[in-house]
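Worksheet: the structure to be examined is printed underneath.
What follows draws every value from the coordinates through simple rules; no lab data is involved. A quick note: this is a predicted structure, and the numbers were derived from the prediction, not measured. All Cβ positions, even for glycine, are placed from backbone atoms using ideal geometry, and neighbour counts span all protein chains on display.
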Amino acid sequence: MIRQINDTFILETDKTTYAFRVLDTGYLEHLYYGRKIHIADEDGAVASALFEKHEYAPGINNVYDGTRADFSFNDMRLEFSANGKGDNREPFIEVVHADGSRTSDFIFESAKIVKGKKMLDTLPSSYDEKGECSGLIVTLFDRNYDLAVELSYHVFESCDVITRSAKLINRSKDSVRILRFMSVQIDTDESDMIFTTFNGAWIREMGRVDHELTVGTIANGSCTGTSGSTANPFVMFSKKCTSENNGTAYAFNLIYSGNHIETVQISEFGKLRFLSGINPKGFEYVLTAGETFEAPEAVFTVSEEGFNGMSYNMHRFVSDHILRGEWAKMERPVLLNSWEAAYFDITEFKLLRMARKAKSVGIELFVMDDGWFGSRNDDRSSLGDWHANKKKLPGGVAGLSKKIHNMGLGFGIWVEPEMISEDSDLYRGHPDWAMKIPGKPHSKGRNQMILDLANDEVCRYITDTLASLFADGGIDYVKWDMNRTMTDVYSPALPAARQGECAHRYIMGLYRILKNLTERFPDILFEGCASGGNRFDPGMLCFFSQIWGSDDTDAVERVRIQTGYSYGYPLRTVSAHVSSVHQTLRVTPLETRFDVAAFASLGYECNLCDLDQNETEAIKDQIRLYKQWRSVFQFGRFYRGSNIYEGGDVTWNVVSPDGIRSAAMIFQPLVRPNDQRGRIRIFGLDPDGVYHFYNRPFKIDIRVFGDLINMIAPVHVKNGSAVHDIISRLVKLDGEKEDITAHGDMLEKAGVILSPKFSSTGFNDKTRVFPDFASRLYFAEKK
Ligand code: GLA
């Protein structure tokens with residue numbers, strides 16, 4: 001709900017309040033953002049307790065004009081800040097006017113409260129299908145230049161999320177150059193916060209980094225043309241004592257897939273300013289007379305129920321207001337991807353063989369990855385030539401797709417449409433379609449260049465080519481990849497004065513292509529990818545129902561990476577594959593690889609034809625189990641229990657929306673000798689409900705004991721020998737069993753004390769053999 005009491009605007013969700021007011025000077029003062037409070041006093045007026053009190057401008061702070069000593073921007077909590085009038089902090093807006101000045105001075109013009117939510121014109125934005133959302137549009141105008149700013153706020157009550165976006169409208173007869181125009185600003189005097197960002201690199205995405213705040217600025221952002229694996233736009237603020245289930249946690253995200261920035265600045269007066277939006281680095285946009293510029297929509301929430309409470313809000317928001325189309329609410333198929341099984345070396349014969357095996361273990365969708373088009377035998381050629389290599393696929397894509405469909409499998413394809421190889425027919429025909437500075441040498445990444453999506457003609461080519469591929473190929477799933485970042489940023493289609501717009505226009509072009517294709521092919525499941533998680537953000541999720549979270553499929557790394565994503569994104573938006581682990585070469589149990597990948601949209605990415613009978617049976621069982629629990633894994637409420645950052649065992653659990661079923665995992669990074677303990681807490685159950693708690697039955701491979709086998713073997717067995725292998729195939733030991741009945745509150749508050757871990761001595765069938773990288777799955781079902 002949005003209310004106005006005198007000059008104060010109050011935005012309320014079920015559990016939170018956001019408030020700001022128009023001062024008598026016409027500027028906007030931010031008052032409060034946090035848990036829901038009574039904002040008005042007994043008489044119905046807004047309690048002045050919230051207002052900042054200023055009587056004088058200290059020392060070298062400038063005052064706005066000579067008339068009022070209390071009117072000095074530098075120490076005010078502003079809802080919107082501009083450059084040049086004495087606020088020395090990072091501004092929301094910075095423009096260069098026709099006269100060369102960079103000073104802006106925006107004051108309140110009008111405000112209206114609206115029902116429902118309009119989409120942005122140039123960028124994807126959140127939607128409000130049921131018309132439940134209410135909005136507030138505040139218009140500001142510049143006193144000295146004919147410019148206006150519209151600040152839009154939308155309130156999503158039930159998920160406790162508010163969004164903000166902004167428009168700059170040029171009402172003047174002159175052009176202005178926008179140097180920065182952010183999406184959200186929050187000023188607060190509560191600066192005793194931890195600022196958390198999610199940083200990493202290729203195959204090391206989403207590492208949680210907690211920054212203690214002190215005077216100065218921290219900037220999290222990207223300037224690579226992608227939202228980037230180095231710094232995701234999802235960030236959090238929390239109190240020092242906030243834990244997964246208790247305490248205050250704020251979070252912000254940005255519906256944008258290009259260069260973004262999130263800055264936190266603590267001023268000399270201890271005030272905190274947070275800004276998020278398009279990264280001003282390399283950005284400049286010419287706004288001609290009468291034109292409007294839209295900033296991306298920012299999304300934020302706050303919870304008093306710790307990080308898990310905050311994540312729940314964000315997950316519901318992404319599920320109900322970002323993900324769209326048929327796949328948003330549909331269970332995702334278990335797929336097999338050909339990449340790590342064969343890389344570029346594919347033929348129809350090989351693919352069909354893999355697909356047959358896939359079908360036999362229960363896989364539902366077969367995905368042909370890179371290598372199928374042009375003369376693509378390595379990464380040096382053919383991007384842009386989206387027609388089948390007839391030597392590899394004699395019947396073309398349609399021929400293969402038909403054969404796969406005949407097996408009862410869905411068929412998916414890999415494409416990287418934003419790219420162009422110099423060695424391609426496309427480049428030979430249209431060298432000016434690549435992003436490059438004409439006549440100057442340019443850099444390459446993965447031997448390829450980026451197409452100039454700031455050029456409409458290029459966008460049309462991509463849309464038309466891909467549309468015919470999808471229509472003719474019998475395609476059920478598309479993996480849309482993007483494998484390099486921008487350098488030599490330049491659009492041959494734009495004039496010199498507009499080159500600062502190139503990266504942003506690229507993203508707008510990409511969104512137009514994706515909107516067109518995803519709307520034209522609503523049945524296709526689109527999965528995003530950018531060398532794994534180099535473009536994992538809410539902008540992409542407006543088109544892609546899931547994203548390949550990382551090229552790293554090592555379960556140990558995936559625990560960390562998927563934990564990182566889980567703070568801001570629902571589990572089913574992350575796809576995760578069981579593979580042979582080429583990235584770290586770490587040897588981990590097949591069961592751990594499955595257990596971790598099950599807390600996501602599950603797939604496989606290894607040569608199933610190379611597996612032995614035991615492994616094949618194990619994978620069959622995994623897929624059977626995943627299908628039984630798929631709706632819970634993909635649509636349940638997720639809780640992080642004991643945390644990867646604490647160094648010990650990691651626990652996760654996910655609960656069906658009705659609270660009836662829960663699946664949980666415990667994962668151990670490294671063994672701690674002589675430590676028998678183990679406890680798992682299952683969050684989110686009905687406290688009064690009675691549950692059957694049990695673990696997934698499993699067999700122990702005796703090879704795990706190494707040469708300890710000689711303690712019981714009648715003849716000596718050499719560790720790792722063929723005999724050892726044969727015995728391991730014939731003799732399987734039963735793993736420990738957990739099987740209890742307990743109330744939901746006990747399972748959550750006290751947890752279940754698990755069977756003791758094996759610790760050098762005392763193995764029997766009640767001992768938990770739990771070496772490095774081991775994991776277990778547990779289930780709770782209401783009786
Ligand atoms: C990227 C992707 C991989 C794979 C390759 C194919 O690296 O992240 O999953 O599709 O491209 O070239």
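Under the combined filter of DSSP loop state and at most 16 neighbouring Cβ atoms within 10 Å, the stretch 190-253 retains these trypsin sites (Lys or Arg not before Pro): LYS239, LYS240. Note on the chain: dipole from Cβ charges, positive end direction compared against PRO673, SER267, THR301; the farthest Cα belongs to PRO673. Placing unit charges on the Cβ atoms only, positive for Lys and Arg and negative for Asp and Glu, gives the chain a dipole magnitude near 2220 debye about its Cα centre. Between GLN628 and MET119, full extension at 0.36 nm per residue minus the direct alpha carbon distance yields a gain of 179.5 nm. Annotation: Cα Rg of the stretch 473-602 relative to the compact-globule expectation 2.2 N^0.38 Å equals 1.23. Over the chain, dividing the summed -39,500 (n - 2.57) contributions of all DSSP H runs of at least 4 residues by the number of residues returns a 222 nm mean residue ellipticity of -5500 deg cm²/dmol. Here the alpha carbons of the chain define both size measures, Rg and Dmax, at 28.2, 99 Å.
Computed from Cα atoms, the angle from the helix 396-406 axis to the main principal axis of the chain rounds to 60 degrees. Modelled label-to-label distance, SER721 and THR25, 7 Å Cα→beta-carbon offset: nm? Label-label distance for SER721 and THR25, simple model: 8.7 nm. Applying both filters, DSSP loop and at most 15 other Cβ atoms within 10 Å, to the trypsin sites (Lys or Arg not before Pro) of the stretch 590-690 gives ARG677.
Here is the tail figure for the stretch 426-481: Cα pairs spaced more than 15 Å apart come to 60 percent of all pairs.
The alpha carbon centroids of the stretch 42-100 and the stretch 183-239 are separated by 26 Å. Beta bridges per DSSP, both residues in the chain: antiparallel share near 80 percent. Is the shape of the stretch 86-237 best called rounded, prolate or oblate, per the rule: a/c under 1.5 gives rounded, else a/b larger than b/c gives prolate, else oblate, with a ≥ b ≥ c the square roots of the Cα gyration tensor eigenvalues? Since a/c reaches 1.5 but b/c is at least a/b, the shape of the stretch 86-237 is classed as oblate.
Computed from the Cα positions only, the extents of the stretch 341-488 along the three principal axes stand at 54, 26, 24 Å, in decreasing order. Based on alpha carbons, the Rg and Dmax found for the stretch 630-783 are 17.6, 55 Å.
For the stretch 697-743, the percent of C-alpha pairs falling in each 5 Å distance bin, counted from 0 to the bin holding the largest distance, reads 5, 20, 27, 18, 9, 7, 5, 4, 3, 1. For the stretch 73-182, the number of Lys pairs separated by eight or more positions or lying on different chains, with C-alpha atoms closer than 30 Å, is 14. Can you find, among ALA663, TYR33, ALA19, the residue farthest towards the positive end of the dipole of the chain? Put +1 on the C-beta of Lys and Arg, -1 on that of Asp and Glu. Result: ALA663, furthest along the dipole toward the positive end. Of the trypsin sites (Lys or Arg not before Pro) in the stretch 413-502, the ones in a loop by DSSP (not H, G, I, E or B) with at most 16 other beta carbons within 10 Å are LYS444, ARG446.
Using only the Cα atoms of the stretch 45-150, build the gyration tensor, take square roots of its eigenvalues as a ≥ b ≥ c, and label the shape rounded, prolate or oblate: rounded if a/c is under 1.5, else prolate if a/b is larger than b/c, else oblate. Taking the square roots of the gyration eigenvalues as a ≥ b ≥ c, the stretch 45-150 is oblate. Hydrodynamic radius of the stretch 519-660 by the Kirkwood approach over all distinct alpha-carbon pairs: 15.9 Å. For the stretch 308-350, no residue has its backbone nitrogen under 14 Å from a point 7 Å from the Cα of LYS620, taken along Cα to Cβ. Rounded to the nearest 20 debye, the dipole size of the stretch 202-326 about its Cα centre is 280 debye, using +1 on the Cβ of Lys and Arg and -1 on the Cβ of Asp and Glu.
Rounded to the nearest 10 degrees, what's the angle between the helix 555-568 long axis and the longest principal axis of the chain, both from Cα atoms, 0 to 90? So the helix axis and the longest Cα principal axis differ by about 30 degrees. With a Förster radius of 35 Å, plug the Cβ-Cβ distance of PHE349 and ASP772 into 1/(1 + (r/R0)^6) and report the FRET value to the nearest 0.05. With R0 = 35 Å, the Cβ-Cβ based efficiency is 0.35.
Derived scalar couplings between HN and Hα for the stretch 73-89 equal 5, 4, 10, 9, 8, 9, 8, 7, 10, 10, 8, x, 10, x, 8, 8, 7 Hz in order, rounded to whole Hz, by the Karplus curve 6.51 cos²θ - 1.76 cosθ + 1.60 (θ = phi - 60°), x for Gly and Pro. Between the Cα long axis of helix 306-317 and the first principal axis of the chain there is an angle of about 80°, rounded to the nearest 10.
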